[in-house]
C-alpha cells in the first residue's frame, strides 16, 4: 500500500486540490482516500485505471465532506497558479484580476461543466479519465469541456468590448 501511495498520491492530491482549492483539506482527503481504498480494495475490478478508481473514491469523499459540513464548492478561495506571476507587477495584477473574473464566471456554469473544466485544467486529467470519474463517456467530457470553454471565451470577448 505504501508503494501505491507513493505512486498515486500526487495524482489524487492534485485532483482533490482542483475540487476544493484548499491544500490542507486536499491533503487530509488524500490520506482518507488511500485508507478507504485499502479497506475496499476488493471492490476494484480492474475495469479502469487504478488512478481513476482512486480519484472516484476521492471525489466521493470530497462530496461526503461537503454534505457533512453543509458547504458547497468554495468560490472565493480560488488558488492562483504560480505561472500567473509575471515580470511586470502591473501586468501580474491585471492577469490576476482577469483570472478572478474567469473563476467567477466559471461559478455560473452548470456544476458538471464546471467540474469538467476544473478536472481538465487544474487536475490535468485526460477526457477519458474525467469521463470515468463522473460516470460519463470520454466524448461527453470532451464536448462538455469545449462548451464550457466557449462560454467563457464569449464572456471574455464581452469584457474586452467594455
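Which percent of Cα-Cα pairs in the range 2-69 sits in each 5 Å bin, short to long?
Values per bin, smallest distances first: 3, 19, 32, 26, 14, 5, 1.
By count of other Cβ within 10 Å, fewest leading, how are 53, 140 ordered?
Starting with the residue having the fewest Cβ neighbours, the order is 140, 53.
Fewest to most neighbouring Cβ within 10 Å: what's the order for 22, 45?
Ordered from fewest to most neighbouring Cβ atoms within 10 Å, 22, 45 come out as 45, 22.
Only the coordinates and a few stated rules stand behind these numbers; no lab work does. Treat the numbers as computed from the prediction; the structure is a model and nothing was measured. Cβ: placed from backbone, ideal geometry, glycine included. Neighbour counts: every protein chain shown.
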